[in-house]
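Heads up: the structure comes next, in structure tokens.
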Amino acid sequence: MTAVHFGRLRALIVKEFIQVMRDKLTLAMLIFMPVAQLLIFGFAINTDVKHLQTAIFDQSRTQESREMIESFTASNYFDIKLYAGNIKEVNRAVESGAAKVGLIIPPDYAQKIKSGREAAIQVIIDATDNMSASSAMAAAQTIGMLKSQEILGDKFRRMGFEIPAQAEDIRIRPWYNPDFITSWYLVPGIMGLLLTITLIAMMAMAIVRESEQGTLEQLLVTPMRTWELLLSKILPYIIVGYIQVIVSIIVGMAVFKMPFLGSKILFFVLTFFYVVANLSLGIMISTFSQNQMQALQLSIFLILPSVLLSGFVFPTEAMPSGFRYLGECIPITYYIRLSRQIILKGGGFEFVWKDTLALCVYIAVMFSSSIVMFKKRFVP
């Protein structure tokens, strides 16, 4: 058996440490990635969703109805977004995504309370987000069964009425996904995630690979302009992205019976902006990468937070405000939002134009910045 030469072994170990210390990017990722991921995982993973945007139509406008509204807001599960003037305004708020919950109090609410009869309150819930919908439903039912008893108990005793077993009849109406089918909720997010994982990493590694092989330098000495070169690299991956989306839609509809209520043409047109946004980020990553391994590492570093901060699994309403704002800086957040709006709610462009505009702004900033950084890094 050959004896271990500790001198050579020590020299090799020292050499590896020196190489790691010289690679500033890898060293920074080794130090900061675990900290960043722990913070994001710790704050983003929260299944108890509170502060849901709520639209209220109070047709009673009495002390009793105000007490019930206060019991909803005091729970911290519901934040009043809109005091509607009619039912259509409530429906519009839920349809557009401006509100996750709609609370409708009937005109005879106070009269029924005073007479000791059961008072019905209608609660509309946007069930495209299963976790938010489940929290809203559980909170509303708890308020109806417990809070109303606490608020109205003394009144009934003073008036000589017997307290009814259930003073409030909370009628829950989950919209768009009434059976809370998880796959319907996840498929649009999985599409966005697949595009993020594959397109960012593939684009970044493709450019760095050509640089390592020397073919990129050969292309750069031709009369071809930088933007033409990047456009030629982007186009094939756009086709790849569309293939992924089409396959995901077919599987979602055929296997999981997911409905597609909106315009397919609109959805595929808007998907283009999301695909280009990811490819632009991939180009940017390539300008900071010395080799393919670094390109992959940087891609993973950016992809993992995207999963948590985008609302793909855990609703953004459950996150601290700082992390919600951070989630607004990544394109997958807007794509998941518009995908669920079009696919599950049948929404038109009037409901997704803000998300589309955000993607266009992201592309304009990222693609132009990528061209500048690409020239600085690769063009002699």
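We did not get these values from a lab; they are worked out from the coordinates using the rules stated. Please read all numbers here as calculations on a predicted model, not as lab measurements. Positions of Cβ are generated from backbone atoms using ideal geometry, with glycine treated the same way; all protein chains shown enter the neighbour counts.
Structural remarks
- Summarised as an ellipsoid, segment 182-378 has semi-axes of 31, 18, 15 Å, derived from the eigenvalues of the Cα gyration tensor scaled by 5 and square-rooted, with the largest first.
- Loop sites in segment 219-290: trypsin sites (Lys or Arg not before Pro), DSSP, at most 14 other Cβ within 10 Å: Arg225, Lys257
- Approximate spin-label separation Phe272-Arg66, in nm, with each point projected 7 Å along Cα-to-Cβ: 5.4
- Annotation: segment 206-319 has a Kirkwood hydrodynamic radius of 16.8 angstrom, from the mean reciprocal C-alpha pair distance.
- Above-threshold pairs, the threshold being 23 Å between Cα atoms, out of Lys50/Lys112; Lys233/Lys376; Lys88/Lys345: Lys50/Lys112
- Of the GluC sites (Glu not before Pro) in segment 51-147, the ones in a loop by DSSP (not H, G, I, E or B) with at most 16 other beta carbons within 10 Å are Glu118.
- Expressed as a whole percent, the proportion of Cα-Cα pairs in segment 291-380 lying more than 17 Å apart is 61%.
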